[in-house]
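These notes are about the structure you will find just below.
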Amino acid sequence: MQREELQRIKEEALKELETLKDPIQLENFRVKFLGKKGKITQALRGLKELSLEERRELGSELNQLKEYLEFEIEKKRREILLSEEEKILDLDLTLPGRRPFLGGLHPLTQVIEEVCEVFTRLGFEIVTGPEIESEYYNFTALNIPEWHPARDMQATFYLQNGALLRTHTSPIQIRTMLERKPPLRIIAPGKVYRCDADVRHSPMFHQIEGLMVDGEVSFADLKGVLAYFAREIFGEKTKLRFRPSYFPFTEPSLEMDIGCVMCEGKGCRVCGQTGWIEILGAGMVHPEVFKAVNYDITQWQGFAFGLGIERITMLKYGIDDIRLFFDNHLYFLESFK
Amino acid sequence: MRVPLSWLSEFVELKATPEEIAEILTLSGHEVEEIFDPYERLGEIITVKVLEVSAPEELRESCLCKVSDGKEVFTVLTTAKDQITVGQVLAFAKPGSLTFNHLRIDYKTVKGYRSEGCLLSPFEAGISPEKNRLLILDERVEVGRSLYEVLGIKEPVLEIAITPNRGDLLSIYGIARELHLITGWELKPLLIEEKKEAHFTFPGKIVIEDEERCYRYAGRLIKGVKVEESPFFILKRLFLCGQRPINNIVDITNYVLLELGQPLHAFDWHKIRGGEILVRRAKKGERLLFLDGREVELHPEDLVIADRERPLVLAGILGGEESAVEEHTGDVFLESAWFNSKSIRLSTQRHRITTESSYRFERKIDPEGVLLALKRATQLIGEHLCFQAISEIVDVYPKPYEAPSIYISLKQIRKLLGFEVALEKVENILQRLGEVRTKGEIYEVKPPSFRQDLTLPEDIVEEIARLYGYEQIPMTFPKAELFSSKPRPDLLFSKKIKEIFRSFGFFEVITYSFINPESLSKLNLNPQDRRLKAIALDNPISSALSIMRTTLLPGLLETARFNLHREVDNLRIFEVGKIFYPAEGLAEERETLGFLLMGRKGEALWDGKEAKHDLFDLKGILEELALILRVPLKFKPFSKEPFLKTGLSFDIYLEDQKIGFAGAMKKIIVEEFELKEPLWIAELDLDALLVCYLKTQTTLTPRKPPKFPSTFRDISCILDKFIYYETIRDFLFQLQIPYLERVEIVALYEGEPIPQGKKSISLRFWYRAEDRTLKDEEVEKIHEEVAKRLFEHFRAKPR
Ligand SMILES: [Zn+2]
């Protein structure tokens, strides 16, 4: 082993190193120089024959070369591997992907959730009640006795067992008040039923009832809470209007309109050219209702409101046929995913 | 309620446009649903030019014209032969349109000549009383245009939704009075003076036998009336209000009802036997034949107007055929009364009749308006009808109406409204409402007799708010104690179930709670099955929605059918909702989960890797559900549900209680629902599941990453094919194998070269110690023992 030979190996290795382009060449190169029978390995073995002085000198130089080549090989390997995968393959990336396909909740469920969430933020508690009800809870306790013409406002389904399908979620008010003492803040979603069927009426639909009973809660508070609700659901800029109305179980009573979402108040078919759309009925709890649940009317006052979920959903999404909700066609359901 | 503005303006000075009036009323709680013009609703009544007139002999009095609307030519017959000349512009009603007195124009053929409409007289067009001539327009008038547009006739009518508490607004005058209250526009007073000496003494007798049901009964006799068609102005107003004319007497009662809100009834005096008018309750078995031809059996709670022999009228609701005023009636008895609203309501409900009259009595009429209406009718008869003499008014009014006193303080008003409404404002409004007296801090308000809706302090507060303007009342947020209650676990649970199914790729559906009994019968249920004993609706919308569901299956299957018929072959849907069983009290309502899988799973992708749903998709969903909920659901093959394929089904158990089922629908049922196989379906009782769920929620034990490695050993064996995997697993479990973490089934195979009746199964056993790395020899020893026991027990052979 001569110094010249070392020099030659070194030059050869460095020169060859430059030309390496793929992992196979790189591996051949490694074997050629650093493998068991590689040139540098052989040269290191050949050192034994030299004097101690030479051995030390050439040995250290060879080891340096070996380390240098190992380092360069590793560096080169990374470079090659990285650049190799920067090529464009013959795979069409514009093909559609394999989706994990999540399902979806019914739009009415979603809107119920959304409305309930607005009110739970204000400390209202969600409660429910039976869908098959008695005359008493559905009507009488709500100040709608048998002979009251207000019964015409709600075409009722009667059952052969003498009960009825609740026509509104208001009986939940009565049930809750009978169970508990004020103060009270509840919100009660659920299915309700009326003997009515066309593009705008479904024999089954959903309502949300709200009730707040406290010492001082007032008509102005009712307006404030409803306005908060409407703006949370329909947006900050929603125009609102409050009109007097009549419900046997509230006094004073009101209806709230929002500026028509379709025509922005200019007047269209949806709003009957008025620019306004009614979205809920409400009022201060009628003293007769408090009497029916044995609340002291000198101590407590409160408000109640009820709104139709289908109506709100239809307005929110511009749906013109209520039957779509109960046909449950996949295309319709998927659009609310 | 239809309110023609032309009529309204007779009573109140209208200082705004129809649209503004509508807005004022709407914002005061009387929603104006639309403003329309009844003339525009008559149909196509247009101007036409006469092109040609001919008079074929066989038509005699009539002639045949050709008229043009500028585009089309119509042939029309008319009897006004002598008035017609070519070039005239006339009013032409096309077939399908109506004359203002409710006659329908149709195609007709006379002696082989076809008439494509009708040429109108001014009367038929509703323009003037003239009947005997054609309506001839200026020849320069454009043809083909709406007649009313050309003539500039505008009759805006408000359609107002009157809430049931405001019976006082069911009249033109009532609306005028309300507008006056809201706006202050001048209201013309209604005063009708009668000279006493002008009237003869009433020859009959009026007796109220039931003073609880009839508070006031007044009447008078009009002799020698000529019953015929009403004068034009009455016909026109009835037309504007959508009322059909009958004859002058009946029309006048309807006119007064519309104008003042007080129902009147006219009797043929000679049909009232003995001239005795008795207001009494019906007797058992009495029957009454109504004007509309219906006969009813009266109920002892019904109030009737009777003579000494028989009932003549169902009081306040509908008159009898026999005593009705008709062409030959000469003497008329006019009734104006005040009946108990409750009793009228119960009678109308009992007999399912609603009339303009009962509608008003139910909503309370003005007790002090009874005589005014009678006088108004008399005035109209006096001015417009032929008659001989009018009797005095007999007024039986045992207990005159007394308005309630309502006591309210400013403090009360402010507390309920929630803002400091000004004292002057309140007092001003109270003055406008009725009689007010002040007693210290308390106001005593006596509302007028027509405002019977005002009885409580809260009613007065509403009036104050209404007249103050709802819009003017501030918006505040309630001041209340901060409290919050825990969300109800059952609601959270249903929500969780829905979220789980959503994450499984299911779409939630909501179907009707009432179903078709036929769908239920398609399920092949045993006649004793509880699900067949559904609660039926008394008054369903249709038989397809006539019983309360006892299972979610019909809804899911019908939904699948709806989808399949509309291009959706692959479906994963679920529903969470109530099912209903008859029970003591109201009903038993159970929250239930149902789901359905149909067709392919996932989306079809271009890689061709697609598969149909199979039993293990169904089972896997339920297993994952059980895992997430941490409830020990058991799936026991095979279900006894008669609609499921026994070999592809299981019942779902929670401990010893069956809470549901899952499996493939039988082919014949799938076909009856017009669906495609395979169809997988399941139902679970969520109420039962919830009870268990709430108990297990504390059992969560978090797992940590392993500290020491595991090792596995496989056993492949051939054994009898009818040995269930679960049996093998249970056997292994009871062996209590040390260090065994879990067992997996990694392969299952039947067929060549495995002998018939056998199967090959490969199990993988995972071993791990908590505190060290297990040595190979150790595992080997345990595993050999396991294999030995397994082979022995199941007489298995190694593969
Ligand atoms: Zn609009």
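The values are calculated or read from the model by the stated rules, or taken from the named source; none is laboratory data. For clarity, every value in this text was computed on a predicted model and none was experimentally measured. Every residue, glycine among them, receives a Cβ derived from its backbone with ideal geometry; neighbour counts consider all protein chains shown. Each accessible area value is taken on the protein alone, full model and side chains, heavy atoms only, with ligands, DNA and RNA left out. Shrake-Rupley method; radii C 1.70, N 1.55, O 1.52, S 1.80 Å.
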- Query: Out of all the residues in region B:484-534, which are at the interface with chain A (Cβ under 7 Å from one of its Cβ atoms) and more than 27 Å from residue B:613 (Cβ to Cβ)?
  - Reply: B:484, B:485, B:487, B:488, B:491, B:513
- Message: Regarding region A:201-215, can at least one residue be identified that is within 16 Å of the ligand (Cβ to nearest atom) and surrounded by fewer than 23 Cβ atoms within 10 Å (Cβ to Cβ)?
- Response: no
- With respect to the numbered conditions (1) closer than 23 Å to residue A:169 by Cα; (2) of a type in the set (Asp, Glu); (3) more than 13 Å from the ligand (Cβ to nearest atom), which one is the sole condition not fulfilled by residue A:278? (3)
- Residues of region B:245-267 satisfying the condition of being over 24 Å from residue B:190 (Cβ atoms) and either open to solvent by less than 10 Å² (accessible area, probe 1.4 Å) or among the aliphatic types (A, V, I, L, M) (or both): B:246, B:267
- Message: Taking the condition of being facing another protein chain (nearest Cβ under 10 Å) and either touching a residue at least 60 places away in the same chain (Cβ under 8 Å) or within 17 Å of residue B:685 (Cα to Cα) (or both), how many residues in region B:535-550 meet it?
- Response: 1
- Restricting attention to region A:256-272, and to residues there that are at negative phi, more than 7 Å from the ligand (Cβ to nearest atom) and modelled with pLDDT under 85, which single residue is farthest from the other protein chains (Cβ to nearest Cβ)? A:261
- Task: Taking the options B:648, B:597, B:564, name whichever one is at pLDDT 95 or above, more than 28 Å from residue A:128 (Cβ to Cβ), open to solvent by 20 Å² or more (accessible area, probe 1.4 Å) and within 40 Å of the chain's Cα centre (by Cα).
- Result: B:564
- Pick out the one residue from B:677, B:641 that is closer than 28 Å to residue B:527 by Cβ, surrounded by 22 or more Cβ atoms within 10 Å (Cβ to Cβ) and among the charged types (D, E, K, R). B:641
- Task: Specify the residue that is nearest to the other protein chains (Cβ to nearest Cβ); the eligible residues are those in region B:340-357 that are aliphatic (A, V, I, L, M) and not in a loop (DSSP other than H, G, I, E, B).
- Result: B:346
- For residues in region A:105-127 being open to solvent by less than 10 Å² (accessible area, probe 1.4 Å) and touching a Ser or Thr at 6+ places or on another chain (Cβ under 9 Å), which is farthest from the other protein chains (Cβ to nearest Cβ)? A:111
- Note on the structure: Every listed condition ((1) farther than 25 Å from residue A:128 by Cα; (2) aliphatic (A, V, I, L, M); (3) within 14 Å of the ligand (Cβ to nearest atom)) holds for residue A:314 save (1)
- Item | Search result, residues across region B:497-516 that are free of Cβ contacts under 8 Å to residues at least 60 places away in the same chain and more than 22 Å from the chain's Cα centre (by Cα) | B:499, B:502, B:503
- Say we look at region A:273-284 and pick out the residues that are open to solvent by 10 Å² or more (accessible area, probe 1.4 Å) and at pLDDT 90 or above; which of these is farthest from the other protein chains (Cβ to nearest Cβ)? A:281
- Go through B:120, B:151 for me and flag whichever is open to solvent by less than 50 Å² (accessible area, probe 1.4 Å) and over 34 Å from the mean Cα position of the chain (by Cα). B:120
- Query: in contact (Cβ under 8 Å) with a residue 24 or more places away in the chain, open to solvent by less than 20 Å² (accessible area, probe 1.4 Å) and among the basic types (Lys, Arg), is that true of residue B:530?
  - Reply: no
- Query: Name the residues in region A:119-149 that are under 12 Å from residue A:189 (Cβ atoms), in contact with a helix residue (DSSP H, G or I) (Cβ under 8 Å, 6 or more places away or on another chain) and of a type outside the set (Phe, Trp, Tyr), would you?
  - Reply: A:126, A:127, A:128, A:129
- Yes/no for residue A:284 being in contact (Cβ under 8 Å) with a residue 24 or more places away in the chain, within 16 Å of the ligand (Cβ to nearest atom) and within 35 Å of the chain's Cα centre (by Cα): no
- Task: Return the total of residues in region B:88-118 being outside any loop (DSSP other than H, G, I, E, B), more than 19 Å from residue B:240 (Cα to Cα) and among the small types (Gly, Ala, Ser).
- Result: 2
- Note on the structure: Per the filter on region B:383-421, residues among the hydrophobic types (A, V, I, L, M, F, W, C) and farther than 21 Å from residue A:251 by Cα are B:385, B:386, B:387, B:389, B:390, B:393, B:394, B:396
- Where in region B:689-799 are there strands (runs of 3 or more DSSP E), lying fully within it, with 3 or more residues that are free of Cβ contacts under 8 Å to residues at least 40 places away in the same chain? B:740-749
- Task: Among the residues of region B:3-33, write down those that are assigned to a loop (DSSP other than H, G, I, E, B) and either more than 14 Å from chain A (Cβ to nearest Cβ) or without any contact (Cβ under 8 Å) to a residue 60 or more places away in the chain (or both).
- Result: B:9, B:10, B:11, B:13, B:14, B:15, B:16, B:17
- Test residue B:373 against the criterion of being in a helix (DSSP H, G or I) and either over 28 Å from residue B:266 (Cα atoms) or within 14 Å of another protein chain (Cβ to nearest Cβ) (or both), and give yes or no. no
- Task: Would you check if residue B:589 is in contact with a Lys or Arg (Cβ under 6 Å, 6 or more places away or on another chain) and either at the interface with chain A (Cβ under 10 Å from one of its Cβ atoms) or open to solvent by 20 Å² or more (accessible area, probe 1.4 Å) (or both)?
- Result: yes
- Task: Kindly indicate which of B:106, B:138 is away from chain A (no Cβ under 14 Å), more than 30 Å from residue B:220 (Cβ to Cβ) and without any contact (Cβ under 8 Å) to a residue 40 or more places away in the chain.
- Result: B:106
- Please determine, by comparing only the residues of region A:216-237 that are open to solvent by 20 Å² or more (accessible area, probe 1.4 Å) and not acidic (Asp, Glu), which one is farthest from the ligand (Cβ to nearest atom). A:228
- Among the candidates A:227, A:220, A:197, single out the residue that is in contact with a helix residue (DSSP H, G or I) (Cβ under 7 Å, 6 or more places away or on another chain), at the interface with chain B (Cβ under 7 Å from one of its Cβ atoms) and more than 25 Å from residue A:145 (Cβ to Cβ). A:220
- With the condition kept exactly as written, say whether any residue in region B:440-448 is at the interface with chain A (Cβ under 8 Å from one of its Cβ atoms) and not in a helix (DSSP H, G or I). no
